[in-house]
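Take a look at the structure set out below.
What follows draws every value from the coordinates through simple rules; no lab data is involved. Predicted, not measured: the structure shown is a model, and the values here were computed from it. No Cβ is skipped: glycine too gets one built from the backbone with ideal geometry, and neighbour counts run over all protein chains shown.
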Amino acid sequence: SWEMDLVEGRFELKEIQRLEGHTDRVWSLAWNPATGSAGIPPVFVSCSGDRTVRIWQQSGLQSWDCKAVLEEKHTQTVRSCAWSPSGKLLATVSFDATTAVWEQIGGDFECVSTLEGHENEVKSVSWSASGSLLATCGRDKSVWIWEVQPGNEFDCVSVLQGHTQDVKMVQWHPSTDLLFSCSYDNTIKVWAEDGDGEDWQCVQTLGESNNGHTSTVWALSFSPSGDKMVTCSDDLTLKIWGTNAQRMHSGNGYAPWTHICTLAGYHDRTILSVHWSREGIIASGAADDAIRFFAEDKESSVDGPSYKLLLKKEKAHDMDVNSVQWSCMVRCTSYNLGPP
Amino acid sequence: MTLGLINANPVVHAKKERIARSEDVHPADDAVDPLEIYDILLSLYLFSLSILDCSFLSVLSEESITVDEKLGRILITFTPTIQHCSMATVIGLCLRVKLKDCFPPHFKVDIKVSPGSHANEESGNWKLEPSFFSIHVASLSPPTILLNDKERVAAALENPNLRQLVDECIYSNEL
């Protein structure tokens, strides 16, 4: 875990602690949104190629403990993990083609549901803002939407075909029920329920003709206001996209997303992860072992928003940075960023 | 196994003068010996000759291997004789597994699968950026894209059948 400070106008990133436990690469992590405030110590989850999931909790000012190891469930790499908005449920997805849903009962985590359906590796999972929908995606090129029913039952409500390759990540929009997916086919797709609420369909594809990426898109993240998103790619760029927020929330049809700008020349290896903090800082994790921060350049005279590099932390890890995630905690000017 | 094209005369360019190396190779060594990589490629070539009717590697030479020790980057290019994506991918996976133990962990390895000159439909702009051996250019072959996608490689190596094939390839010929 890391802490960032603003020192004499310059950002610095300091490693707080190196958390050991996993015996294979750590692919993903996620902060529990119900922790880190109101006296509840922050908690995050990590998942790994060692087939386990670990829960970490802050125990002191600069120290973290592993509170639980969820093992003997997934039979292959656990690729991604996500907490429900309430923080009560945890979804983990695996190369074993399953999605496991866990609930903390007493001191332990129990697997309360296993979702099957994908034909092969499941790569990402995301809960909708209301917590009533869950989305997964994988190498079978499909995106699945599940509805959460009482008693921890999950019904598949739609299997979305459209991507022509492996789908790397799914992410629900923070304030509307729009689902975004990004893929090995170089595109980002937006999915919405049709007018009748009968089924889901692709309402937009952001590809090369929209100034889109020219190689695998690995991840996407929304701005705090939800009217912008950043995507990262094997094409070594970050792209910022935007929409008309008013129209998006008005309910009068779909508000399309358009390309705002491309951040090129900052990365020389695949960008695996990106996350936009509540304070407006974009963090990227790349295959050159570095973490980089970007923010809007308010002083730029260029037409339209432009972004600048705030900080580059080389050798942040000994190997690729697979996942970067801002916590929701803000203590003065410190930010906690939890990498694998 | 019947194969589409039989390359009766695969070309293996003669290695430049070989320097005797000690048997004692430590992964922690900072010096990366391109000859070592060449040995691995050559062994894979010989392996494919010994168990198959022909080799999948047509052109193999020291130019296939580029090392930048300062940046910690390695680029390996090989050319399969047969335009059969799945076999090129298996060879590439064998390379990845074998090479993982050969270098310090911070070294990044990129693998490029070049189509042969007769594969018109797959040739494209094979521009390389020499400054950092970027292979992030248009028209990369499907096996290249796959072999440089760490997630696809990791998942492929968790497939028991594929893993067994890769292990046989690596261990049976004492690479």
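Between residue A:38 and residue A:159, take the C-beta separation as r, use R0 = 45 Å, and let me know the FRET efficiency to the nearest 0.05. FRET efficiency, residue A:38 to residue A:159: 0.70.
Between residue A:264 and residue A:176, the simple label model (points 7 Å from Cα in the Cβ direction) yields a spacing of 2.9 nm.
What net charge is computed for the residues neighbouring residue A:65, neighbours being all others with C-beta under 13 Å from the C-beta of residue A:65, Lys and Arg scored +1, Asp and Glu -1? Can you show the working numbers first?
On the way: positive: A:54, A:67; negative: A:20.
Residues near residue A:65 contribute +1 overall.
Reported value for region A:202-301: 114 Å³ per residue, from the convex hull of its C-alpha atoms. Cα gyration tensor of region A:162-243, axes a ≥ b ≥ c as square roots of the eigenvalues: rounded (a/c below 1.5), prolate (a/b > b/c) or oblate? In terms of gyration-tensor shape, oblate. For the cross-link pairs A:123/A:315; A:315/B:108; A:141/A:312, which exceed 22 Å when the distance is taken from alpha carbon to alpha carbon? Result: A:123/A:315; A:141/A:312 exceed 22 Å. Please compute the net charge surrounding residue A:295, taking Lys and Arg as +1 and Asp and Glu as -1 over other residues with Cβ under 9 Å from its Cβ. Summing Lys/Arg as +1 and Asp/Glu as -1 gives -1. Averaging 1/r over every pair of different alpha carbons in region A:98-162 and inverting the result gives a Kirkwood radius of 12.4 Å. Under a 5 Å amide H cut-off, with hydrogens placed 1.01 Å from N, residue A:16 pairs with A:2, A:3 among residues at least 5 apart or on other chains. Using the rule -39500 (n - 2.57) for each DSSP H run of four or more residues, divided by the residues of chain A, the 222 nm mean residue ellipticity is -500 deg cm²/dmol.
Only Cα pairs under 8 Å and 6+ residues apart enter the sum, and on that basis the relative contact order of region A:159-311 stands at 14 percent. Based on Cα contacts under 8 Å between residues 6+ apart, region A:207-247 shows a relative contact order of 33 percent.
For chain A, the relative contact order is 11 percent, taking Cα pairs closer than 8 Å that sit 6 or more residues apart in sequence and dividing their mean separation by the residue count.
Taking only the Cα atoms of region A:90-240, the ratio Rg/Rh comes out at 0.98, with Rh defined as the Kirkwood radius.
Annotation: the residues A:72, A:103, A:12, sorted from fewest to most other C-beta atoms within 10 Å of their own C-beta, follow the order A:72, A:12, A:103.
How much space per residue, in cubic angstrom, does the convex hull of the C-alpha atoms of chain A take up?
137
For residue A:69 paired with residue A:250, estimate the spin-label separation in nm (one decimal), with each label point 7 Å from Cα along the Cα-to-Cβ line. The answer from the label model is 5.6 nm. Viscosity 0.692 mPa s, temperature 37 °C: give me the Stokes-Einstein translational D for region A:1-145 in µm²/s, with Rh taken as the Kirkwood radius over C-alpha pairs. For the chosen part, D equals 205 µm²/s.
Let me check I've understood the local charge: for residue A:223, count other residues with C-beta under 14 angstrom from its C-beta, Lys and Arg +1, Asp and Glu -1. What total comes out? Neighbour charge sum, excluding residue A:223 itself: 0.
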